Amino acid sequence: MTLNKLKSSIHTILIYPLIFMFSYLLKGKKEKFKSFFQNSFKNSQNENILTLDIEKFDFINKIKYFFDKNSLLYDKTKIDYTLNLDINPEIKEFRVFDFAKKIDMFYSLSMLSSRVSNDNLLITFNIVNKKFNDENANNFLKYLLITYFSRKIDCIFISKDSIKDKNILKVFDTLNTHIEDSKFINFSNSKDLNVITCKKNNKKFDIIWLSTNREIELTDFKKVYDKFGNLLEKNIKISKSPIYAFHQ
């Protein structure tokens, strides 16, 4: 190992705890969501984009791009993420790294780095599944919702032409209808209950789901829609399947 590589390895080991700590402390800033979903990524000729594949979370190997003095200066960071919808984004790798924590870690990197000038991130989703079921639809929606409530992603690039399943496409279109031109208000998490509160056209609504298999009866909302955009009128439950509940 050369002296420079040894110094780089030591630096990575020393800075990792700081990055990890800041991943809990740094909060996203994005509030208004306009054109959050885009069909394809088109790189401006005047921008230098750091593109990283994080299908496998070999985080240690990514640090060098943000702190190596010999690295390029980047305008933005784009994360290429392969979506296997059989995998629940709330499942933790090594008991820590669920999908939300991966976003937090890269946001921490970009905020601390002197090599990347933009604190926000871009993300490209590529779906690999050939067959789909209702659990896949729930997982797909949760990947998008986690990206949304992080407030750390500038926009998501996902090709609608690549979504071959009609139910997955309905889930995507329904979410886009709700959050396009929306304002983020709050995200709360209590045990297994997750609630995103948004506002659009002076109407406030919650996106609600559970991370476990239990169900809770929902009351005191004006209108409630399921993940496909269907109006729910009776026996409305909070479950693993996210719903849209409009305030009275």
Under the Karplus relation with 6.51, -1.76 and 1.60 and θ = phi - 60°, whole-Hz ³J(HN,Hα) for the stretch 123-140, x at Gly and Pro, equal 9, 10, 9, 10, 7, 9, 5, 9, 10, 9, 9, 5, 5, 4, 5, 4, 5, 4
So, with points 7 Å from each Cα along the Cβ direction, the residue 203-residue 87 label distance in nm works out to 3.6
By the mean-Cβ-within-10 Å protection proxy, highest first, 148-160, 121-133 rank as 148-160, 121-133
Calculating log10 I(q)/I(0) by the Debye sum over Cα atoms at q = 0.10, 0.12, 0.13 Å⁻¹ from this structure picks out, from (i) -0.68, -0.87, -0.94; (ii) -0.57, -0.75, -0.85; (iii) -0.52, -0.73, -0.85, entry (iii)
Placing each pseudo-label 7 Å from Cα in the direction of the beta carbon, residue 18 and residue 94 end up separated by a distance in nanometres of 1.9
The alpha-carbon center of the stretch 135-190 and that of the stretch 213-248 are separated, in whole Å, by 17
In whole Hz, the Karplus estimates of ³J(HN,Hα) for the stretch 243-248 (6.51, -1.76, 1.60; θ = phi - 60°; x where Gly or Pro) are 10, 10, 10, 8, 5, 5
Order by accessible surface, 1.4 Å probe, largest leading, for residues 51, 82, 177 comes to 177, 51, 82
XL table 191/240; 32/204; 42/64; 203/227; 78/199; 78/101; Cα-Cα > 21 Å flagged, in table order, is 42/64; 78/199
Sorted list, accessible surface of protein heavy atoms, 1.4 Å probe, largest first, for 16, 74, 244 is 16, 74, 244
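The values are calculated or read from the model by the stated rules, or taken from the named source; none is laboratory data. These numbers come from a predicted model, not from an experiment. Reconstructed Cβ throughout: ideal geometry from the backbone, glycine too, with neighbour counts over all protein chains shown. For the accessible areas, the whole protein counts, side chains as well, though only heavy atoms, and no ligand, DNA or RNA atoms are used. Shrake-Rupley method; radii C 1.70, N 1.55, O 1.52, S 1.80 Å.
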